[in-house]
Amino acid sequence: MGYGRSRRKGTWGLFILCLLASLYGLALIFSATRYDEDLHSAALKQAVALAVGVGLCLLLAVLPLRTLLDKLWWLLPLVSVGLLLLLVPLGNDDGTGNKSWIALPGGVFNLQPAEVVKILFILLLALQLIALEKKGLDRPVAVLLLGLHVLALCGLLYGVSGDIGMVAVYLAIYLVMLWSAGVHPLWLLGELALGIGAVFLLWSRLPEYVRMRFLVVLDHDLDPLGKGFQQERSLLAIGSGQITGQGYLQGTQTQSLSASALPARHTDFIFSVAGEELGLVGCLLILLLLGAIVLGCILLARREDKLLSCTAMGVAGMLGAQTILNVAMCLYAAPVVGVTLPFFSYGGSSLIASFGAVGVVLSLARDRIPGSGSWFRA
């Protein structure tokens, strides 16, 4: 009984951390949108998304997810492909350059299908790893099948949306899950080498604005008023906050109406808002919360349960990759690719998907391992 109570406290502690992070993010979004009357509804929309995300997380946590997956696993690829294909006739770029969003009826909220598909991808890849493990994951045919899975999905995602940032997150999830499942590191290094080689071969075919986003990271003086402008402003905002910041609702750039101030401050550069108004302390608190959430997923993945282990590591890889990419982007160490900071950046689809992913992990952690007739026997 004592162990069971301790285990439940550990899983719900993960939920509480996610809730605290999203409330912190909501406060930052409120500050980052006060300067513009057109954005005054952003915090309210995020609060609605938070309520939906929490509800989804709690619902998933009590659903018999293992039983549903055992019977309906075949829906995962169908729904994933179907959602992404909806972007062909219905997708819009929402001002980002990536055709990643679908306007929902009423025109108030947008849906980003790739955010939903992330969860389905993690579950389907976990099932594939479990099935292939029976004969060995280091077999060339197993590695080939896993590679074809991620290449097909990422190819479809990029083809319909052009969203390189989301593709990078999917690839990070894939590598983390394969590594944690026990695929030999040499296979992963070989795939990385092939991926880097493909980028070099296809470099000239990438849109010029995408290439420039990468090049300005290597040379900050290349286009400081163009493709490097956002990150120059970001560094200035973070640096000006010093240790404790300029004060909540008091940031020079965060509260400025000037077109030369920090752009996308409530979305891509919410971390920079924290740096300017709350300083190093505020930034470290963000990293501490997100680090604790990722660590919580990793700790759950240590249980003797293959489905939970693979899925929890996939969610940890997803949240960890997004955090690293977004923070590196704000620090001018990675290109601007539109990756959200989990639980913090404005974006209903991202917030709901993050809570949904955690809900999946909570559900699998709550359930006991089924009998020997199930796919998911550890």
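The values are calculated or read from the model by the stated rules, or taken from the named source; none is laboratory data. Since the model is a prediction, treat every value here as computed from it, not as a measurement. So basically every Cβ, Gly included, is an ideal-geometry build from the backbone, and we count neighbours across all protein chains shown. These accessible areas exclude ligands, DNA and RNA; they are computed on the full protein's heavy atoms, side chains included. Shrake-Rupley method; radii C 1.70, N 1.55, O 1.52, S 1.80 Å.
Summary of values
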quantity: Of all accessible heavy-atom area on the range 130-218, the percent that carbon and sulfur account for (1.4 Å); calculated: 75
quantity: Residue-normalised accessible area of the chain, given per residue in Å² at a 1.4 Å probe; calculated: 46
quantity: Positive-end extreme of charge dipole, the range 1-153 - chosen from Val116, Phe30, Phe15 (charges on Cβ); calculated: Phe15
quantity: Stretch gain in nm, segment Arg34-Leu218, where the contour uses 0.36 nm per residue and the Cα spacing is subtracted; calculated: 62.9 nm
quantity: With 10 Å bins from 0: P(r) over the range 70-124, alpha-carbon pairs, percent; calculated: 24, 47, 23, 5, 0
quantity: Proximal lysines relative to Lys134, as straight alpha-carbon distance under 30 Å, when same-chain residues fewer than 8 apart are discounted; calculated: Lys71, Lys118, Lys306
quantity: Rounded to whole Hz, the Karplus (6.51, -1.76, 1.60) HN-Hα couplings of the range 56-62, x for glycine and proline; calculated: 5, 4, 5, 5, 4, 5, 9
quantity: Over the chain: helical MRE at 222 nm, DSSP H runs n ≥ 4 each giving -39500 (n - 2.57), nearest 500; calculated: -23000 deg cm²/dmol
quantity: √(5λ) per eigenvalue of the Cα gyration tensor, the chain, largest first, Å; calculated: 34, 25, 19
quantity: 0 to 90° range, to nearest 10: angle between helix 164-181 axis and the chain longest Cα axis; calculated: 40
quantity: Summed side-chain charge close to Val183 - residues other than Val183 whose Cβ falls under 13 Å, Lys, Arg +1, Asp, Glu -1; calculated: -2
quantity: Alpha-carbon centroid distance for the pair the range 260-307 / the range 51-70, whole angstrom; calculated: 24
quantity: In degrees, nearest ten, helix 348-366 long axis to first principal axis of the chain (Cα); calculated: 30
quantity: The chain, relative contact order in percent, only Cα pairs under 8 angstrom and at least six apart counted; calculated: 28
quantity: Selection of chymotrypsin sites (Phe, Trp or Tyr not before Pro), the range 164-204, meeting DSSP coil and at most 11 other Cβ within 10 Å; calculated: none
quantity: Cut-off 10 Å between beta-carbons: net charge of the residues surrounding Ser161, Lys and Arg +1, Asp and Glu -1; calculated: -1
quantity: Range in the chain, longest, excluding exposed trypsin sites (Lys or Arg not before Pro) [loop by DSSP; at most 12 other beta-carbon atoms within 10 Å]; calculated: 136-301
quantity: Charge context of Leu218, other residues only, Cβ under 14 angstrom, K/R +1, D/E -1; calculated: 0
quantity: Among Tyr248, Ser258, Ala292 the positive-end extreme of the charge dipole of the range 211-314 (Cβ point charges); calculated: Ala292
quantity: Distance from the range 201-251 to the range 121-141 (C-alpha centre basis), Å; calculated: 39
quantity: Within the range 10-100: Cβ-based charge dipole about Cα centre, in debye rounded to nearest 20 (Lys, Arg +1; Asp, Glu -1); calculated: 380
quantity: Rounded tilt (10° steps) of 208-218 against the dominant C-alpha axis of the chain; calculated: 80
quantity: Rg/Rh (Cα only; Kirkwood hydrodynamic radius) as it applies to the range 33-173; calculated: 1.03
